[in-house]
Amino acid sequence: MSNRGKFRIEPFKHRVELDGQYAEKTWSALRAAIAQINNRDASGLSFEELYRNAYNMVLHRHGGVLYQGLVGVTTEHLLHVKSQITKKAHPDLFAAELEKKWHEHARSMTMIRDILMYMDRIYVPPNELEPVYDLGLSLWRDVVLRDPSVNSRMRAFVLDAIDKERRGDSFDVASVTDVTRMTMDVGEDVYVSDVEMHVLASTSEFYKNESESLLSSGDCFSYLTAVEKRLAEEVNRCGTYLLKRTERFLVKRCETELLEKPAHVVLGLPNSGLKSMLARGRSDQAGLVYRLYKRLDGGLHFVKRTFVEFACEAGEKLVTNPELKNNPVAYVEELLVLKKKLDETVAESFGGDRSFQNALHTSFEKFVNLNSRSPEFISLYVDDKLRKGMKGRSDEETDATLDGAMSLFRFLSEKDVFERYYKQHLSKRLLFNRSSSDDAEKAFVQRLKHECGYQYTSKIEGMVNDVRVSADNNRAFREFLKDVVQKDHDEVRPSGPVPVGPGALHSRVPATPAADLALAEDTYTQLTTCSTGESLMDTGSSGSRREEKEKSSRLSLSGVDLSVTVLTTGSWPVVSSTQCVLSPVLQANVTAYTNFYLTNHTGRNLNWLTSMGTAELRGRFANQVRRDFVVSTHQMCVLLLFNDADCLSYLEIQAATGIPEDDLKRSLQSLSLVKGRNVLRKEPTTREVGARDVFHFNEKFTSKLLKVKIGTVIGGACGKETDLDAKATRVVVENDRKPQIEAAIVRVMKARRILDNNGVVTEVTKQLKDRFTPSPADIKKHLENLIEREFIERDRNDRKLFVYLA
């Protein structure tokens, strides 16, 4: 059976003969019905019969007649509708009539679509024609809306209504809404081309004139306030009678005319622009600027640039202020005030925008480094706070102060210069016991270590460690003295001062160490002395203090209480100097400590730095006046000479003490020329110390203070270096940088093997940026030096390339 063909029975086909006039007659009936529907007179029609007629026409291949007939009758009807609409002269009546006819046409096309549903489903798709309802919309567009007399009046009606609202006049919102919705219902392209494009064009023109009008007031904030109001109005307008899709285009036109085009003029208005807002601290006004210009693509670029210009102008004015150049602490405090103000501006006005934070950081880097003394001044600020500025402060206040200093430290491009000054100031705080808080010292070192790494703070931490170890050594030395006292009590009994002439001085050596190092393998020490003679305590002292005095006497040599700080060579920024001539009593103490130290630390060498020592002395003057003095070791050596003489010349003092000339002159100036500190009298009474000057013991000296601190006269203000000293420091720093640059070049070339000049400069700068920024010229100079020393060579085929030599 698989080989047999399939058998199929088909029904008998009877040929249907139609009347030759069938299509024409049927269409005439349908045409009359459509006309009745368009004229709103469809109550007597049989929609079932009409549907059957349309069905038969399509079924018998007369769909083309039906479709084209529908086009013709609808076009004819719409031409009549158009004439009725254009007869309305008043804009409001015109709009009302247009909307009325539109709704009637839409209802009619809905009914016609139901009648011709079979044609829509069977005939229209294969022939790629518009469905019946869409055809009605297209004909309405082409015949009615696109007619010049209708289109121009409809557009003018919408634009006039918008213009009235912008100017504050009343208008028929419902009518405008109906017209715009009608164009969108006809087709989005109709709404875009016939309404939206013209609305946008009129918007640009309106706000161009609006901008010129607002600018005439000359007030930036008033202008921007009006702009913000206008933008809100445009958004509301699109939510009311314009379509939501128009909002972004409409707002964009408004932003372009009111914000983007006049940006330079608006934000640069004198006495009211962005810079003026920032200068007056008007964060709310600056915040309005940020909110508005953030709406624009790239709009914040100009705001940011203006902010940077303001920051740089304020910063440059500050760092070049001649009054602040002589007051480092005030200089840094003003920088911190400016930074706090600008940080608050970024947070409050610019919403903490990261790009503004980065721009502010770049601005500070620029103007802070305009002043080559900034590293020194920041170090002096830290020194001032750690010496006396932390007393009585809470931990939170201390942390805030240190964080402020660190915030400025981060802006420094020459962090190695700061390191040098910080080590100098730290050494004085440690050696002279001037630090107000050990915890604060450690906290700041930890901040530096976190910011720059272990290598940056290794020597600083070594300095702190030397002081701690020296304290342990001093306790061990006192235990050593205690053993000596037990063996020979009479030998170490303290002796009183030797009075000479009308007054007498005796040494009293405090426990404030001072030291220096210079040679790479030597260990330098600094000493401080404290007398334990009979006049250490007053007659009416309490029993506990008298016991303390007796204990101190027992643990000293020849009435001198010695405290020594041993400093590691290479860690301390102290220049070695010639040791002055100490009195026999002091020299005996030095020898004792040396023997003690070397016994416990073999293979080391001690070099004594008397230039960094301090001492306490008690002087007796006329009328039983007694005062304690805190002086340097050099000043102590000078004063002790007057126990044996009332009058000494400069040359005699120099020969007896061996103090270098510059140090001696400063010491004598401090002892004879400073009011309230003039233990000596100088002849002649000039400000400068000369070789022929003579110095007398001032027996009439008196002071309201029981303990008088006599400092050493130094140049500069607030401890800052003189210009000459600063230049010398700069030379030392430049010399220190040379091996660092060369080492970085070698590291880079060893890793990369072959590299061009730009690559070397980039990599070396990247490696050294945490300490300083080398110039390309310096890098090139050291490259040539390394080529001469055969660490690197130029490529033989390409002279622009450098090759590392293993």
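Derivation of every value follows stated rules applied to the coordinates shown; laboratory data play no part. Here the structure is a predicted model, which is why all the values come from computation and not from measurement. Note that each Cβ is placed from the backbone with ideal geometry, even for glycine, and that neighbours are counted across all protein chains shown.
Here are some notes:
- Bridges between two residues of the chain, per DSSP, are antiparallel at a rate of about 80%.
- Rounded tilt (10° steps) of 47-59 against the dominant C-alpha axis of the chain: 90 degrees
- Spatially proximal lysines relative to residue 385 (Cα-Cα < 22 Å; intrachain offsets below 8 disregarded): 325, 339, 340, 341, 415, 423, 428, 442, 449, 459, 709, 720
- Sparsely packed trypsin sites (Lys or Arg not before Pro) within the stretch 377-467, loop by DSSP, other Cβ within 10 Å at most 10: 391
- Neighbour-limited loop hits for trypsin sites (Lys or Arg not before Pro), the stretch 602-691 (at most 11 other Cβ within 10 Å; DSSP other than H, G, I, E, B): 675, 687
- Set of lysines near residue 252 by C-alpha distance (under 17 Å), chain-local residues within fewer than 8 positions excluded: 208, 229, 244, 261, 294
- In the chain, helical runs assigned H by DSSP with n ≥ 4 each contribute -39500 (n - 2.57); averaged across all residues and rounded to the nearest 500, the mean residue ellipticity at 222 nm is -18500 deg cm²/dmol.
- Over 30 Å (Cα to Cα) - which of 275/388; 164/275; 682/704 fall in this group: 275/388; 164/275
- Seen against the Cα atoms of the chain and their longest principal axis, helix 354-368 is set at about 40 degrees.
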